Structure formats: structure tokens, C-alpha cells
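What follows is one structure encoded as C-alpha cells, with my remarks underneath.
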Number of protein chains: 2
Amino acid sequence: MATGTLLYSQSGGVTAVINATASGVIAEARARKVKVLAARNGILGALREELVDTSKESAAAIRALAHTPGGAFGSCRYKLKSVEADRAKYERLLAVFKAHDVRWFLYNGGNDSADTANKVSKLAAEFGYPLTCIGVPKTIDNDLAVTDCCPGFGSAAKYTAVSVREAALDVAAMAETSTKVFVYEAMGRHAGWLAAAAGLAGKGADDAPHLILFPERPYDEADFLKQVKKVVARVGYCVVVASEGIQTADGRFVADSGGGKDSFGHTQLGGVASYLAGKVKDELGFKVHWTLPDYLQRSARHLASKTDVDQALAVGKAAVQFALKGQNATMPVIVRTADKPYRWKIGSAPLDKVANHEKKFPASFIRRDGYGITDKARTYLEPLIRGEAPPPYGKDGIPTYVTLKNVAVKKKLPKWGG
Amino acid sequence: MATGTLLYSQSGGVTAVINATASGVIAEARARKVKVLAARNGILGALREELVDTSKESAAAIRALAHTPGGAFGSCRYKLKSVEADRAKYERLLAVFKAHDVRWFLYNGGNDSADTANKVSKLAAEFGYPLTCIGVPKTIDNDLAVTDCCPGFGSAAKYTAVSVREAALDVAAMAETSTKVFVYEAMGRHAGWLAAAAGLAGKGADDAPHLILFPERPYDEADFLKQVKKVVARVGYCVVVASEGIQTADGRFVADSGGGKDSFGHTQLGGVASYLAGKVKDELGFKVHWTLPDYLQRSARHLASKTDVDQALAVGKAAVQFALKGQNATMPVIVRTADKPYRWKIGSAPLDKVANHEKKFPASFIRRDGYGITDKARTYLEPLIRGEAPPPYGKDGIPTYVTLKNVAVKKKLPKWGG
């Protein structure tokens with residue numbers, strides 16, 4: 001049995017399944033008799049020495065974590081800079097790790113977290129402190145390098161496809177006398193992954209979504225409006241899915257056009273769907289509705305993809321195994337071994353290859369006309385939303401999500417000045 | 001066996017379960033060997049003689065209707081005025097009914113539809129045409145008189161409560177360094193039913209939603225902002241649920257403040273959540289996110305309440321039974337016979353008592369401070385979101401919603417001039 005403590009921490013925007021990864025980590029560590037502490041609010045909790053003792057949680061609570069959205073220990077948006085610029089913070093981290101005999105550090109997040117874990121591992125080596133750092137993948141943005149997909153994305157993708165399908169049935173029923181155009185705004189400031197997933201909602205040429213707007217293609221307003229008009233003439237209604245990150249040819253975010261200040265100086269929070277809906281109404285005169293699902297799309301554990309839940313659990317379990325084997329500065333990744341039938345396994349990637357790299361959305365996934373997805377995109381995306389893994393529901397009709405006790409570990413160091 | 005045709009038609013905004021009612025109607029009529037036609041796009045299809053023959057649909061398709069959202073035959077927003085004002089239309093309806101030997105007319109909708117069914121029944125009597133008209137309840141607004149609740153509401157309510165719970169877990173995890181206030185906009189232009197249902201998301205004083213804004217209480221901006229500030233100080237974050245229908249003390253809709261034209265004359269489509277989020281940002285300086293689920297909340301069949309699905313099926317079945325018994329100008333309604341345990345049965349209401357009445361949201365359901373729901377509200381609301389009735393999913397990860405063939409019935413009359 002290994003001695004020492006394993007520290008687990010969540011970072012960046014949470015997902016429907018990041019707690020499944022946490023559940024995988026804790027269950028695997030318990031099976032190997034390794035003590036797991038978790039940092040509150042990501043790396044901030046590590047810096048502040050705000051740690052919780054996961055051994056105080058029941059086995060049932062840890063199992064329930066696997067079906068609970070959000071981030072059970074808190075997450076954070078807090079990026080450490082280079083070791084040179086933020087040396088005091090990195091040294092503080094090592095001091096906290098030493099004080100609690102942390103020998104394994106698992107950082108569950110995206111690019112930035114992989115980078116931080118990588119840097120911490122290098123500094124530990126420089127100080128001669130034995131520490132194994134493991135990055136654990138998570139992001140609904142699906143933009144991590146090396147891994148075939150990112151835990152969190154599949155569930156957000158399933159939410160997107162199902163929601164678009166359902167809303168489209170509503171619009172189809174009402175179009176004769178009411179709403180003719182519906183705009184759905186998908187997350188994805190930098191890449192069109194989630195907007196593309198909406199394409200799984202339909203298969204035929206006249207199925208919704210009829211138009212997808214990708215950040216990878218310049219937004220051409222005149223052409224967009226022409227397409228909307230054509231679809232309404234042909235199908236009777238038009239469902240548009242727009243990525244929040246779409247930009248005009250000169251690089252302006254369309255979302256920024258929708259907001260700003262009104263004539264009274266009040267902030268107008270617009271966004272892409274609001275902007276596009278306004279244009280459709282003004283220029284084409286169609287009745288229009290729009291939706292901004294916002295956090296609902298990344299927290300909808302009730303509609304999680306089973307593939308995604310399985311992978312989130314698996315990377316958690318693998319991260320512990322990697323850690324205990326001393327595979328320092330690595331990340332467990334999803335390797336796709338076959339498309340039909342879809343098969344995957346866990347592989348390993350050096351953090352150097354993940355940190356500060358970004359997986360781009362492939363041009364080959366976008367249909368030639370720019371408004372839909374290709375068969376290649378379907379082959380990639382569909383397995384990721386496959387399977388259902390509903391949470392248990394209480395008698396009150398609400399999923400029985402768990403709230404951990406999060407019992408604080410006694411601090412051993414002076415308060416952090418950062 | 002009765003002879004003649006039963007005509008079924010959907011009206012107004014569709015719901016996650018109106019097709020379950022259609023499924024109940026068709027299955028029950030088939031069991032009794034009664035032919036069912038359906039009008040395309042609600043009463044418009046009846047006026048235009050655009051009817052479809054439901055006997056062309058397989059038994060499997062009719063069963064699948066019960067788990068398919070939207071409106072399978074199309075619905076419409078089209079209100080007939082008084083018999084005096086719209087006499088030609090009412091007479092046209094009777095002509096179409098006669099041409100197709102329609103002896104039972106089932107109109108599935110809200111107040112207006114009950115009113116139309118009632119007027120058609122009176123005109124038929126005046127003309128000596130034997131016709132039994134049945135209103136079939138449906139509305140996510142839950143504002144029909146007599147019935148304890150309305151099919152469609154329970155599922156939208158469940159969507160609201162679950163979505164708020166899930167998003168709140170996301171916000172709670174991120175609040176330390178990111179979003180501190182989240183605003184959810186619920187449908188309900190005239191009454192706070194769905195906003196109230198969000199209250200089921202939490203039970204404790206610090207559980208989300210922390211503040212609910214009802215259209216029944218004047219929106220007091222200064223007090224609202226004070227409350228948000230207090231909640232953030234106490235809990236660390238604040239989840240607000242606002243009904244789209246909230247108004248200031250002088251009767252202005254807050255939603256109208258959020259929209260309008262920007263300085264370029266472009267339409268700004270705002271809404272309540274956008275407006276409130278802007279205020280929180282400007283006045284309190286908190287990072288804020290907001291969601292406008294729009295049609296997602298009324299089409300989310302994947303998250304339907306089993307109680308609601310059961311009731312939607314039951315009113316469909318009962319409507320056929322009422323029709324065949326000649327219970328003219330009535331509506332099957334939900335009667336609550338017990339709260340704990342919740343029990344209900346189908347009763348009957350005269351259309352006169354339903355048409356043009358509106359069930360108000362009870363003042364006793366709103367907490368004294370105006371920002372939450374009472375135990376009485378919970379007792380009423382909770383059974384309506386109880387139970388799950390998920391649709392079957394395909395191998396592609398998407399629910400297998402059915403699209404009917406909707407085979408047109410040959411027209412027998414000259415084209416309608418209306």
C-alpha cells in the first residue's frame with residue numbers, strides 16, 4: 001500500500017459529469033486504501049489550505065456523486081501564470097502539499113489545468129519533493145488535445161441535440177399561425193463543437209436544425225437571412241442553431257452586437273440568439289422565438305450521455321492508477337479504437353502535449369454550404385451522445401442529487417497572503 | 001357501435017404531452033370502432049377542410065404519440081369571435097362537419113378552445129345538427145377553471161424545478177471566482193404557476209431558488225436588488241427565477257424594458273431575465289448569467305412528469321367516452337380527491353364553466369415576503385411533477401419521437417374563402 005495523501009481538485013467551468021470523475025477517483029483510491037483530500041474551489045483551495053477530508057463521506061454519497069451535476073468541492077476560474085511570474089504561488093502550493101503529505105495531485109480540468117499540473121510537477125522535481133501530478137480531462141468545449149473527446153462534452157452534446165429536436169417539434173406544430181423561426185444559442189466561444197452536436201437532432205434535408213452557424217465560418221448576414229427565407233418557404237419554418245462564438249469576416253463577435261448599452265445607459269445583455277432573432281424579425285418579418293439555455297446545457301445531468309458518464313468515471317479511476325504507478329505529468333485520455341461499432345479505451349498522454357494546445361474543430365465536419373454537418377461529423381459525434389444514464393429520482397419528482405459534508409481539514413500553515 | 005366520425009383538433013401552444021392526449025383519444029376511439037379524423041393546424045384545418053385520416057396510422061405510431069412532444073397534427077393560434085361576428089366561419093365549420101359525417105368534435109386546448117367548442121355546440125343545436133362537442137384540457141399555463149390542474153403544466157413544472165436545481169449546483173460550484181447571480185426566466189405572462197414550480201427545486205432556506213418573482217406581486221427594483229445582495233452575502237450566490245409576466249406597481253411589463261430598439265434602430269429582444277441580469281450587473285457589480293429556456297420548457301418530453309402523462313392520456317380517453325355518451329358541451333377535468341397520498345380522478349365540467357374563465361394563482365401560494373412559495377403551494381404542486389415517464393431512446397442517443405403520415409382526407413366542399 002502506498003503511503004501519503006492524494007489531493008483532488010476541480011477546475012474551470014463544471015459539467016454534468018465532472019463529479020462522476022470525482023466519484024471514480026475517490027472510489028478507486030478507497031479501494032487502494034489511499035486517503036483522498038479535495039481542495040475547495042479548485043486550486044484556490046489548495047493555495048488557501050482549504051481542504052476537505054473525503055473519508056468523512058459515506059460510500060453511498062460517493063456513489064451518488066456519479067449522478068450529481070455541478071462541482072461537489074467547488075471549482076474556480078483562476079489561472080496560474082508562469083513559474084517565474086507566479087513563483088510564490090507555486091511554492092505555496094508545494095508547502096501545502098508537504099504539510100498534508102500530498103504525494104499525488106490530480107487536477108481535473110481543461111488546458112489551463114493541464115498546464116498548471118505540469119508546472120507544479122516540474123517545480124516539485126526542482127525542489128526534490130516527490131510528487132506525481134496527473135491531469136484529468138474535463139470540458140464541455142471538447143478542445144483538449146490528444147484525447148478523442150472530453151468528459152462533459154458528450155452530455156452537453158446530448159442535451160443540445162435532444163433540446164433542438166424537441167423544440168423543433170413545437171415550432172413545426174405552431175408555424176402555420178405563429179412562430180416560423182426559432183434560434184437556439186449553443187455554448188462554444190472558440191469552436192463549433194456543441195453547435196455541431198445539434199446537427200444530430202435530425203437526419204433528413206428538411207429536418208431541424210436547418211441552419212447551423214459555426215464560429216469557424218464568417219457570419220454573412222445577407223446570406224444567412226437569404227437561407228432563413230428559403231428554408232421557411234420550403235419547410236414552413238426554420239430552426240437555427242448558432243454558436244455563441246460566431247464572428248463576422250472582420251473578426252467582430254456577433255454576440256457583442258446584441259448587447260451594449262441602451263439609450264438610458266443600461267446594460268443590454270444580448271447574445272447571439274437575441275441578435276439573430278431581432279434581425280430575422282426586422283428584415284424578414286417572421287415571428288421568431290429564441291432560447292439561451294446557458295448553464296442548463298452543461299448541468300443537465302438528467303439527460304447525460306451514458307458514454308460520457310462511463311468515460312468520466314473511467315478517467316477518474318485511471319487517474320488514480322496512473323498516480324499510484326508514478327506516471328508523473330500525464331493525463332488519462334479517451335482513445336477511440338473503432339467507429340462502427342464505437343469502441344474506446346483509456347490511454348495516456350504527457351501533459352506537455354495537452355497543456356496549451358487546443359484541438360480545433362475540423363473543417364471536414366462542416367458541410368460545404370457552411371450551414372450543416374457532414375457524415376464525418378456524425379460518425380465522430382453520435383457515439384458520444386449514445387446511451388442514457390438517468391439519475392435516480394425522489395418521490396418529490398426531483399433527481400436525488402447529493403450534497404457532500406465537505407468536512408474541513410485542520411490547517412497546518414499560516415494563512416496565505418495571496 | 002356508434003356511427004359517424006369523431007374529429008379531433010389541437011389548439012394553442014403545444015405541450016410535452018398534448019400528443020399523449022391525442023394518443024388516448026385515438027386508442028379509445030379505435031377500441032370502440034369509431035373513425036377518427038384530425039384537423040391540420042387546429043380549427044384552421046377544420047375551416048379549410050384539411051383533415052387527416054388517423055386510421056392510416058399504425059397502432060405502434062399511435063402508442064408512440066404518447067411519448068412525442070409538439071402537436072402531431074399541427075396546432076394554431078386562431079380565435080373565433082362571437083357567433084354574431086364570425087357567423088360565416090361557424091357555419092363553414094358545420095358544413096365541413098356535415099360533409100364528413102362528424103358527430104363528435106373534440107377540441108384540445110385552453111380557455112379559447114373551450115369557448116369555441118361551446119359555441120359550435122350551440123350553433124349545431126340551433127341548426128338541428130346532431131353534434132357532441134367536448135373540450136379537452138391542455139395548457140402549460142395551468143389557468144383553466146374547474147380542473148385541479150391542466151395536462152401540460154406538470155411536465156413544464158418538472159422541467160422548471162429540475163433545470164433550476166441543476167443550474168444552481170453549477171452556480172454554487174463556480175460562485176467563488178465566477179458567476180454569483182443566475183436568473184432563470186419562466187413562462188407565464190399572466191400567472192406565476194411555472195415560476196412557483198421552480199420553488200420545488202429546493203426545500204431549505206438557503207436552497208435555490210433564493211428569489212422568485214411572481215407576476216402577482218409588483219416588481220420593486222430597489223427591494224429586489226437589496227434581496228439579491230443579502231442572499232449573495234449569506235449564501236455566496238443567488239439564483240433568481242422570474243416569471244416573464246412581472247410588472248411594476250404602475251402596470252408596466254418589466255420584459256418590455258429589456259427590449260426595444262438600440263441606437264441603430266435594431267430590435268433588441270430582451271425579456272425579463274436579460275433585464276434583471278443587466279440590473280444586477282450594473283447596480284451590484286456581480287458577475288451574472290441568465291437563461292431563457294423559451295420553448296424548451298414546454299417541449300421537454302424527455303423530462304415529462306408521469307402524473308402529467310397519465311392525466312393527459314386519461315382526459316383523451318375520457319373525452320371519447322363523454323362524446324359517445326352524448327355529454328355535449330362538457331370537458332373532462334382532473335379532480336384531486338386527496339393530497340397525501342395524492343389521488344385524482346376524472347370528473348366532468350360544463351364548457352360554460354370553463355370558457356372565458358381563468359383560474360388565478362392563489363395569493364396563499366406566495367410567501368409573505370413575496371419571494372418564495374408556501375407549504376400550501378408545495379402541497380398542490382409537488383404531486384404534479386412526480387414520477388418519470390421517459391420516452392424510449394434510439395441507438396443514436398435521441399428519443400424515438402414519431403412523425404405521423406397524416407394522410408389527407410379527400411375534400412368534398414368548395415375551397416373556403418376565409
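Since every read-out is calculated from the coordinates, none of them should be taken as a lab result. Every value quoted in this text rests on a predicted model; they were computed, and no experiment measured them. Neighbour counts run over all protein chains shown; Cβ positions are idealised from the backbone, glycine included.
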*Report, in degrees rounded to the nearest 10, the 0 to 90 angle that the Cα long axis of helix A:18-31 makes with the longest principal axis of chain A.*
30 degrees
*Among DSSP beta bridges whose residues both lie in chain A, state the antiparallel percentage, nearest 5.*
40 percent
*Using the alpha-carbon atoms, what tilt in degrees (0 to 90, nearest 10) does helix A:306-324 show relative to the longest principal axis of chain A?*
20 degrees
*Proxy reagent accessibility, fewest Cβ within 10 Å first, across B:K203, A:K180, B:K229, A:K317*: B:K203, B:K229, A:K317, A:K180
*asked:* Run the numbers for A:D223 and A:K56: contour at 0.36 nm per residue of separation, minus the present Cα-Cα distance, in nm.
replied: 54.2 nm
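Using the Cα gyration tensor of segment B:30-73, with a ≥ b ≥ c the square roots of its eigenvalues, what is the shape: rounded (a/c below 1.5), prolate (a/b larger than b/c) or oblate (neither)? Mind dumping the intermediate values first?
Details: a/c = 2.64, a/b = 1.33, b/c = 1.98.
Oblate.
Applying 1/(1 + (r/R0)^6) with R0 = 51 Å to the Cβ-Cβ distance of B:T177 and B:K353, what FRET efficiency is obtained, to the nearest 0.05?
On the way: r = 56 Å, r/R0 = 1.09.
Between B:T177 and B:K353 the formula returns 0.35.
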*With contacts defined as alpha carbon pairs under 8 Å and 6 or more residues apart, what's the relative contact order of chain B in percent?*
23 percent
*Hey, for a label at A:K203 modelled as a point 7 Å past Cα toward Cβ, could you say which residues of segment B:374-418 have their backbone N under 20 Å away?*
B:391-406
*Give, to the nearest whole percent, the P(r) tail of the protein assembly as shown beyond 42 angstrom, counting all Cα pairs.*
34 percent
*asked:* Counting only GluC sites (Glu not before Pro) that sit in a DSSP loop (anything but H, G, I, E, B) with at most 16 other Cβ atoms within 10 Å, what is the longest stretch of chain B containing none of them?
replied: B:85-357
*Using label points projected 7 Å from each Cα along Cα→Cβ, tell me how many nm separate B:R63 and B:D369, to one decimal.*
5.1 nm
*Determine the distance separating the Cα centre of segment A:333-383 from the Cα centre of segment B:201-243; give it in Å without decimals.*
42 Å
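Taking 22 Å as R0, compute the FRET efficiency from the Cβ-Cβ separation of B:K230 and B:K287 and round it to 0.05. Mind showing how you got there, number by number?
Working: r = 18 Å, r/R0 = 0.80.
Approximately 0.80, to the nearest 0.05.
Can you pick out the pairs among A:K56/A:K359; B:K119/B:K359; B:K35/B:K138; A:K98/A:K317; A:K415/B:K279; A:K405/B:K226 whose Cα atoms lie more than 32 Å from each other? Mind showing how you got there, number by number?
Numbers: A:K56/A:K359 39 Å; B:K119/B:K359 21 Å; B:K35/B:K138 23 Å; A:K98/A:K317 24 Å; A:K415/B:K279 36 Å; A:K405/B:K226 30 Å.
As for pairs spanning more than 32 Å Cα to Cα, those are A:K56/A:K359; A:K415/B:K279.
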*Which residue, B:P392, B:P341, B:P130, tops the fluctuation ranking in a GNM of chain B built on C-alpha contacts under 10 Å?*
B:P341
*asked:* When a/c reaches 1.5 or more, the comparison of a/b and b/c decides; with that in mind, is chain B rounded, prolate or oblate per its Cα gyration tensor?
replied: prolate
*asked:* Mean-square fluctuation check for chain A, GNM, Cα pairs under 10 Å: which of A:D86, A:D115, A:D53 is largest?
replied: A:D86
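With runs of 4+ DSSP H residues as the only contributors, calculate the mean residue ellipticity of chain B at 222 nm using -39,500 (n - 2.57) per run, divided by the residue total and rounded to the nearest 500. Could you put the intermediate results ahead of the total?
Working: 14 runs with 146 residues, N = 418.
For chain B, the value works out to -10500 deg cm²/dmol.
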*asked:* With the crude spin-label approximation of a point 7 Å out along Cα→Cβ, what separation in nm comes out for A:K98 versus A:T248?
replied: 5.6 nm
*Around A:F286: net Lys/Arg minus Asp/Glu count, Cβ-Cβ under 12 Å*: +3
_Reach of A:K122 by Cα under 20 Å, taken over aspartates and glutamates that are not fewer than 8 positions away in the same chain_ = A:E84, A:D86, A:E91, A:D101, A:D112, A:D352
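With a/c under 1.5 counting as rounded, go ahead and sort segment A:143-257 into rounded, prolate or oblate using the C-alpha gyration tensor (a ≥ b ≥ c being the square roots of the eigenvalues; past the cut-off, prolate if a/b is larger than b/c, else oblate).
Since a/c reaches 1.5 but b/c is at least a/b, the shape of segment A:143-257 is classed as oblate.
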